[in-house]
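Colleague: What follows is a single structure, and I will ask about it in a moment.
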Amino acid sequence: MRKALVPLSRLWVKKREFLILGFLLLLLLAPNSIRAQSEESYDERRKQALDLYGQGRFVDALPILAKLHAEKPSDIVVAEHLSFATLANSATIGDPAGRKAERAKARKLAEEAKAAGDNSNMLKVLLDVPEDGGETTFSSDAMVQSTMQEGEAAFAKGDFEGALSAYSRALALDPNVYDAALFSGDVYFKKGDHVRAGEWFLRAIQIDPNRETAHRYWGDDLVAQGRMNEAKEQFIDAIVAEPYTRIAWIGLSQWAPKQKQMLGNPRIDPPGKVEDKGKDDKGRAQTTITIDPSTMNSTAKKDGTNAWFIYTLSKAVWHGERFQKEFPKEKEYRHSLAEEVDGFQMVVSQVKEGLKKKEIRQLDPALATLVKLADENLLEAFVLISRADQGIAKDYPNYRDAHREKIRQYITEWIIHPAP
């Protein structure tokens, strides 16, 4: 008896059913597997990119970082590294407009990293790039400028020897190219040659001791060697060089927690204020004085805070004729180092008189700090480092040139404190 044959159409139906069943099983089982593979792939590529970055091969790392950032914009490490790699890549672009656009792109990426929660010191450096990208000028000499750009392009590609060659040629053209010496030190630092790195950082400092970067870079190199006390001195010198730039404080702020230290300013907040109200119809300055009532009560005499009254009056005098007398070449009033120190010294004199007469029973802590600063001849350094505004900052270069050690002393003894 012949067996019944199954029609081909039926076989195809069953085959299709098996295929559909298999596909459904794949849909049920595949997502976790695919996701794991994707994450593994992301992590592997991330590691590869960061390894290239760590080797100084910023241009090679750039396309990988860009793809990673597109996949996961929330990864702030990738975003920050992409920003720096983009900035480094700008050095390889010959066209000035293209170079500027790439730098602007790096700045925008830094802003994205900040919005995602990044707050690292490197990010703060990247945020100092102008929004429009700006342009880096190494020298007014076209040949030196071109040679430095050649060196920067080589550095961005991880070609350290090519970079060193270009920096050397730039210094041969002009021995005072600060960045050529600085970048040479940075190359040797990345190569792990601490001796040569230190020599070049010192060379940059000798060219211009009032630029903070070489001090800070040298401090980083000393930290890498475990020479923490020497690193601290370089980080302090970076601040002495340029105390009003955020970057100058990065080295010391990173050093402090590693040494169980913290940074902070003395707490002295004078009450009262003096405000300029323009000039009257005869050209005379109009000033409003606000006296804090707490400096006029009975308690103020017992703790010395009544001395702040004379500080406020002193400032009023400076807003009037005193400034014109002390600064005859300046047409408009500005807040000055001389004004602030004069007011503090008057307060200190009154406090000491009150202590001598035993009118002060328990000296206010802020006033005790002010007296101690005055006794150590550190009032100027205190004002310039801890209380400076745009007006006072104009007096900094002259004071720094004459009293660099006093500024170092103030930062060492009054800004750095043991962490609680």
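No value in this document is a laboratory result; all are computed from the given coordinates. Keep in mind it's a predicted model, so treat the numbers as computed, not measured. Positions of Cβ are backbone-derived with ideal geometry, glycine not excepted, and every protein chain shown enters the neighbour counts.
Colleague: Output ³J(HN,Hα) for the range 198-208: one whole-Hz value per residue in order, computed from phi by the Karplus curve 6.51 cos²θ - 1.76 cosθ + 1.60 with θ = phi - 60°, and x for Gly and Pro.
Modeller: Running phi through 6.51 cos²θ - 1.76 cosθ + 1.60 with θ = phi - 60° gives x, 4, 6, 5, 4, 4, 5, 5, 5, 5, 8 Hz.
Colleague: If the convex hull of the alpha-carbon atoms of the range 292-420 is projected onto planes in all directions, what is the mean projected area in square nanometres? If you can, show how the numbers build up before the last one.
Modeller: Numbers: hull surface 38.4 nm².
Seen from a random direction, the Cα hull of the range 292-420 projects 9.6 nm² on average.
Colleague: Sticking with this one: Under a cut-off of 19 Å between alpha-carbon atoms, report the lysines in cross-link reach of K331, not counting same-chain residues fewer than 8 places apart.
Modeller: Qualifying lysines at Cα under 19 Å: K277, K279, K282, K315, K394.
Colleague: Further question on the same structure: Give the average over all directions of the projected area of the C-alpha convex hull of the range 91-157, one decimal, in nm².
Modeller: Values: hull surface 19.5 nm².
That works out to 4.9 nm², a quarter of the Cα hull's surface.
Colleague: What residue among D179, D208, D95 shows peak mean-square fluctuation when the chain is described by a Gaussian network model with Cα springs under 10 Å?
Modeller: Comparing D179, D208, D95 in a Gaussian network model of the chain, the most mobile one is D95.
Colleague: Provide the net charge surrounding E199, with neighbours chosen by a C-beta distance below 14 Å and charges set as Lys +1, Arg +1, Asp -1, Glu -1. Each step should come with its number before you reach the end.
Modeller: Working: positive: K191, R196, R203; negative: D186, D193, D221.
With Lys, Arg at +1 and Asp, Glu at -1, the net is 0.
Colleague: Using the Karplus curve 6.51 cos²θ - 1.76 cosθ + 1.60 with θ = phi - 60°, work out ³J(HN,Hα) for each residue of the range 169-178 in order, rounded to whole Hz, and write x for Gly and Pro.
Modeller: 5, 5, 5, 5, 6, 8, x, 9, 7, 3
Colleague: What is the Cα coordinate range of the chain on the first, second and third principal axes, sorted by size from largest, in whole angstrom?
Modeller: Ordered largest first, the chain gives principal extents of 134, 59, 53 Å.
Colleague: Lys and Arg at +1, Asp and Glu at -1: add these up for the other residues within a Cβ distance under 12 Å of N306 and post the number. Don't skip to the answer; put the middle values down first.
Modeller: Details: positive: K301, K302; negative: D292, D303, E353, E359, D364.
For residues surrounding N306, the net value is -3.
Colleague: List the pair-distance distribution P(r) of the range 34-139, using every Cα-Cα distance, as the percent of pairs falling in each 10 Å bin from 0 up to the bin containing the longest distance, rounded to whole percents.
Modeller: 16, 45, 30, 8, 1, 0
Colleague: Quick one: angle between helix 142-156 and the longest Cα principal axis of the chain, in degrees between 0 and 90, rounded to 10, please.
Modeller: Roughly 50 degrees, rounded to the nearest 10.
Colleague: Here's something else I'd like to know. Would you grab the residues whose amide H sits under 5 Å from the one on Q261? Only those 5+ places off in sequence or on another chain, please, with H modelled 1.01 Å from N.
Modeller: A419
Colleague: Straight-line reach from K302: which lysines fall under 16 Å, measuring Cα to Cα and dropping same-chain residues less than 8 apart?
Modeller: Leaving aside lysines fewer than 8 places away in the same chain, those within reach of K302 are K352, K356, K357, K358.
Colleague: Which value in deg cm²/dmol, rounded to the nearest 500, describes the helix-derived mean residue ellipticity at 222 nm for the chain, given -39,500 (n - 2.57) per DSSP H run of n ≥ 4 and division by the residue count?
Modeller: Details: 20 runs with 272 residues, N = 420.
Result for the chain: -20500 deg cm²/dmol, rounded to the nearest 500.
Colleague: Say each of H417 and E71 gets a label point 7 Å from the Cα, pointing the same way as Cα to Cβ; how far apart are those two points in nm?
Modeller: Inter-label distance under the simple model: 4.7 nm.
Colleague: How high is the relative contact order of the chain, in percent, counting Cα pairs under 8 Å that sit 6 or more residues apart?
Modeller: On the way: 513 pairs, mean separation 38.1, N = 420.
That works out to 9 percent.
Colleague: Considering only E326, E339, E80, give the residue with the highest GNM mean-square fluctuation for the chain, with springs between Cα atoms whenever their separation is below 10 Å.
Modeller: The residue that fluctuates most here is E326.
Colleague: Further, regarding this structure: Given 0.36 nm per residue, what is the gain on full extension from S165 to Q259 after removing their alpha carbon distance, in nm?
Modeller: Working: separation 94, 0.36 × 94 = 33.84 nm, distance 3.77 nm.
Extra length from S165 to Q259 when fully extended: 30.1 nm.
Colleague: Across the range 97-105, in residue order, what do the Karplus-derived ³J(HN,Hα) couplings come to in whole Hz, using 6.51 cos²θ - 1.76 cosθ + 1.60 with θ = phi - 60° and x for Gly and Pro?
Modeller: For the range 97-105, the Karplus-derived couplings read 5, x, 5, 5, 5, 5, 5, 5, 5 Hz, x marking Gly and Pro.
Colleague: I've got another one for you. Multiplying the sequence separation of T299 and A142 by 0.36 nm and subtracting their Cα-Cα distance, what value in nm do you get? Each step should come with its number before you reach the end.
Modeller: Numbers: separation 157, 0.36 × 157 = 56.52 nm, distance 6.81 nm.
Additional length available on full extension: 49.7 nm.
Colleague: Further question: If I build a Gaussian network model for the chain, linking alpha-carbon pairs within less than 10 angstrom, which residue out of R107, R334, R216 has the largest mean-square fluctuation?
Modeller: Residue with maximal mean-square fluctuation among R107, R334, R216: R334.
Colleague: In the P(r) worked out for the range 336-389, what percent of Cα pairs fall beyond 19 Å? Intermediate results must be reported in sequence, preceding the final value.
Modeller: Values: 379 of 1431 pairs.
Considering the range 336-389, 26 percent of its Cα-Cα pairs are separated by more than 19 Å.
Colleague: List the lysines whose alpha-carbon lies under 23 Å from that of K191, not counting same-chain residues fewer than 8 positions away?
Modeller: K47, K157, K232
Colleague: So for the range 199-333, what are the equivalent ellipsoid semi-axes in whole Å, largest first, each being the square root of 5 times an eigenvalue of the Cα gyration tensor?
Modeller: Working through the eigenvalues yields semi-axes of 43, 24, 10 Å.
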